[in-house]
Amino acid sequence: MELSTAREEVSGIVRNGNPESTVECDNSSSNGSDSDRLALVDPENIARFKAELLQFLDDLYTPDQPWDLGVFEGYGRGMVATRDIAENELIFLDRPILVGPRVNNYDVIFCASCCRLQKKLTLCSGGCRLPVCPECDFSAAPETSHTAECRRINSWEPKDQNRYCKTILYALTSIRGFLLDDLSRSIVLNMEAHPPRKDMTTEVDRILKDQVFNNLPEDGSDVQYLRKVIDVLNTNAFETFRMVKDEDNNDHEIVLRGLYILGALMNHCCRPNIRYVFDEKLVMRCYASKPIRKGEQIFNNYSKSLWGTQHRIIHLCFSKHFLCGCDRCLDPTEMGTYLGALKCVRDSCPQGRMVSMNPQKISSAWQCDTCGLKMNNLKITRIQEIAGRMILSNAVKKDAAYIVEYMNEHVSKFLLPCNQFMVELKLQAILKIQDDATLELQGEKEKYCLEILGILEKLEYGECYIKGVLCYELFKVRMAIARVKEETFPDEATLGLLRTAWTILGPSANRPRDLAQLAQSYGCEDV
């Protein structure tokens with residue numbers, strides 16, 4: 001369940017593109033044979049698995065934590081509240097059992113071991129073809145944090161040892177699966193593991209195709225184990241990060257992927273009841289975003305919170321192999337937010353909203369809620385594709401003033417103000433409008449923050465991560481407006497925004513740089 005870091009949690013609708021319109025999905029799992037699936041939910045196996053997990057968590061677990069593992073019809077294993085949990089209460093702490101680079105390009109060079117930034121590429125002297133810093137190099141000490149993985153990689157006899165190999169870097173997280181002790185390996189091998197789609201090229205596929213090693217047989221046990229670890233990672237991993245500083249003491253966020261077992265055991269709901277952050281030690285801290293009653297499941301959201309239903313369903317079908325049936329997914333209006341709705345195409349129906357007649361079926365026709373006009377899904381998908389392409393090419397990478405003008409003068413003519421693509425543009429503008437922007441732009445930012453907070457309230461998301469970001473940005477923009485207008489600042493309502501932002505974002509290692517200082521200045525740090 002690879003999910004978003006701070007900035008990606010409030011961005012990403014357009015960047016991920018438009019899915020195909022022909023996808024259908026069911027709730028069946030794709031985790032190997034029926035016997036394998038039954039083994040995961042066997043009571044004795046769950047008890048053994050939990051005992052191993054608590055041993056791994058060690059000091060991060062205390063008996064007063066309000067969760068347990070259970071089996072739920074239609075879900076399989078999941079996490080349940082063992083008592084009533086209050087809003088904002090810490091539910092659990094979790095550390096990554098595996099962590100390392102993503103299978104994506106990076107725009108900076110960093111040490112594969114400690115993530116320290118490098119001005120220029122420096123390869124490990126051990127011949128593993130990975131970039132490392134002097135402190136982590138194979139020859140830096142008898143044993144460094146990189147030594148064991150370097151030896152494992154060299155056991156496969158890398159070709160072209162003096163050249164950098166991105167293929168090995170991208171596979172490094174799964175390669176680290178060979179370094180796990182018996183306890184950790186047992187836990188990993190008892191995780192859900194969906195096989196890759198037929199059109200998907202995994203890290204090990206790329207290694208074999210590029211013939212990176214002389215001694216890694218395709219039919220050997222090492223490749224078989226790598227495939228298993230990759231399937232577990234692709235099914236369960238989260239995006240996490242490590243904060244590092246460059247030579248000028250500027251902060252940089254290196255986005256990584258981490259396998260957090262407790263986090264992965266939470267089942268999905270498009271209206272979750274938790275939020276999570278990662279602290280400086282890469283520990284996941286999971287909090288209740290709203291009250292959870294004893295016996296209720298503890299739910300995460302595997303998709304993007306502000307995507308419309310069609311996009312969420314296709315994402316979940318492709319990446320998680322199930323169809324969500326929560327109340328939000330069943331409601332064509334998405335709790336009155338109309339995030340996935342489109343404007344009626346009839347000029348005579350300016351207030352009409354096109355919504356799916358059956359949100360659970362991608363091929364369903366859509367109908368206007370005012371004039372009754374029906375359109376087939378292919379036409380609806382085409383409109384969405386055009387909207388996504390226009391926004392991606394014309395606005396997302398532009399400055400704040402351009403984005404605001406583009407929304408007001410162009411996009412608003414064919415998209416509803418609450419549509420997911422408009423929400424994405426508003427989020428982009430919120431993040432880009434700085435304290436020194438014009439008063440007009442500050443006013444637009446304030447309006448966008450309030451609009452999206454209203455959407456979150458309709459969805460009943462509670463004290464979720466996005467709310468924390470928006471409360472911080474709304475506090476900042478009101479502070480900037482008050483400064484320009486020479487008004488008294490802040491009033492109690494605005495101060496409440498800062499309290500909320502600090503409560504939600506304070507424990508995160510990548511919280512806004514000035515948040516702690518603001519919280520201290522206004523007496524909110526002890527909230």
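Numbers below:
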| read-out | value |
| --- | --- |
| Region 330-357 - residue that is under 27 Å from the mean Cα position of the chain (by Cα) and among the polar types (S, T, N, Q) and, of those, surrounded by the fewest Cβ atoms within 10 Å (Cβ to Cβ) | Thr333 |
| Where a residue in region 402-417 is free of Cβ contacts under 8 Å to residues at least 60 places away in the same chain and farther than 16 Å from Leu306 by Cβ and its partner, wherever it lies, is open to solvent by less than 40 Å² (accessible area, probe 1.4 Å) and outside any helix (DSSP H, G or I), with Cβ under 7 Å and at least six apart | Tyr402/Ala395; Ile403/Ala395; Tyr406/Ala395 |
| Scope region 190-223; condition within 21 Å of Leu180 (Cα to Cα) and loosely packed, with under 12 Cβ neighbours inside 10 Å; matching residues | Ser221 |
| Failed criterion for Glu157 (all others in (1) charged (D, E, K, R); (2) more than 19 Å from Arg206 (Cα to Cα); (3) out of contact with any helix residue (DSSP H, G or I) (no Cβ under 7 Å at 6 or more places or on another chain) hold) | (2) |
| Count of residues meeting criterion [under 24 Å from Pro195 (Cβ atoms) and either among the acidic types (Asp, Glu) or assigned to a helix (DSSP H, G or I) (or both)] in region 312-329 | 9 |
| Test: residue in region 480-500 that is surrounded by fewer than 23 Cβ atoms within 10 Å (Cβ to Cβ), part of a loop (DSSP other than H, G, I, E, B), at pLDDT 95 or above and among the β-branched types (Val, Ile, Thr) | no |
| Test: residue in region 428-442 that is at negative phi, open to solvent by 10 Å² or more (accessible area, probe 1.4 Å), part of a helix (DSSP H, G or I) and without any contact (Cβ under 8 Å) to a residue 24 or more places away in the chain | yes |
| Subset tally (residues that are within 28 Å of Tyr61 (Cα to Cα), crowded, with 20+ Cβ neighbours inside 10 Å and of a type in the set (A, V, I, L, M, F, W, C)) for region 100-129 | 1 |
| Residue within region 156-178 that is among the aliphatic types (A, V, I, L, M), within 28 Å of the chain's Cα centre (by Cα), open to solvent by less than 10 Å² (accessible area, probe 1.4 Å) and over 22 Å from Cys114 (Cβ atoms) present | no |
| Candidate set: region 139-155, residues that are over 22 Å from Val99 (Cα atoms) and either at pLDDT 95 or above or not hydrophobic (A, V, I, L, M, F, W, C) (or both); chosen: the one least open to solvent (accessible area, probe 1.4 Å) | Ser139 |
| Residue match in region 130-138 (condition: part of a loop (DSSP other than H, G, I, E, B) and surrounded by fewer than 17 Cβ atoms within 10 Å (Cβ to Cβ)) | yes |
| Residue, nearest to Glu203 (Cα to Cα), within region 88-99, restricted to residues that are open to solvent by less than 40 Å² (accessible area, probe 1.4 Å) and either out of contact with any helix residue (DSSP H, G or I) (no Cβ under 6 Å at 6 or more places or on another chain) or in a loop (DSSP other than H, G, I, E, B) (or both) | Val99 |
| Every residue from region 193-236 that is part of a loop (DSSP other than H, G, I, E, B) and in contact with a helix residue (DSSP H, G or I) (Cβ under 8 Å, 6 or more places away or on another chain) | Ala193, His194, Pro195, Pro196, Arg197, Thr201, Thr202, Val212, Asn215, Leu216, Pro217, Glu218 |
| Selected residue [closer than 27 Å to Ile403 by Cβ, open to solvent by 30 Å² or more (accessible area, probe 1.4 Å), of a type outside the set (Asp, Glu) and touching a residue at least 24 places away in the same chain (Cβ under 8 Å)] from Lys445, Lys467 | Lys467 |
| Val255, sole failed condition from (1) part of a loop (DSSP other than H, G, I, E, B); (2) open to solvent by 10 Å² or more (accessible area, probe 1.4 Å) | (1) |
| Subset of region 332-352 (residues that are touching a strand residue (DSSP E or B) at 6+ places or on another chain (Cβ under 8 Å) and within 24 Å of Leu316 (Cβ to Cβ)) | Pro332, Thr333, Tyr338, Gly340, Ala341, Leu342 |
| Hits in region 55-83 (condition: in a loop (DSSP other than H, G, I, E, B), touching a strand residue (DSSP E or B) at 6+ places or on another chain (Cβ under 7 Å) and open to solvent by 50 Å² or more (accessible area, probe 1.4 Å)) | Tyr75, Thr82 |
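Condition check ((1) charged (D, E, K, R); (2) touching a helix residue (DSSP H, G or I) at 6+ places or on another chain (Cβ under 6 Å)) across all residues:
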{"position": "Gln434", "(1), (2)": "no, no"}
{"position": "Thr438", "(1), (2)": "no, no"}
{"position": "Gly462", "(1), (2)": "no, no"}
{"position": "Gly468", "(1), (2)": "no, yes"}
{"position": "Cys471", "(1), (2)": "no, yes"}
{"position": "Ala493", "(1), (2)": "no, no"}
{"position": "Thr500", "(1), (2)": "no, yes"}
{"position": "Ala509", "(1), (2)": "no, no"}
{"position": "Arg513", "(1), (2)": "yes, no"}
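The rows are residues; the columns are (1) at pLDDT below 90; (2) open to solvent by less than 20 Å² (accessible area, probe 1.4 Å).
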site: Trp366; (1), (2): no, yes
site: Asp369; (1), (2): no, no
site: Leu373; (1), (2): no, no
site: Gln384; (1), (2): yes, yes
site: Asp399; (1), (2): no, no
site: Glu405; (1), (2): no, no
site: Phe421; (1), (2): no, yes
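The values are calculated or read from the model by the stated rules, or taken from the named source; none is laboratory data. Nothing here was measured: the structure is a model prediction, and the numbers come from that model. Note that we place each Cβ from the backbone using ideal geometry, even for glycine, and neighbour counts take in every protein chain shown. Protein only, heavy atoms only, side chains kept; ligands, DNA and RNA dropped before computing areas. Shrake-Rupley method; radii C 1.70, N 1.55, O 1.52, S 1.80 Å.
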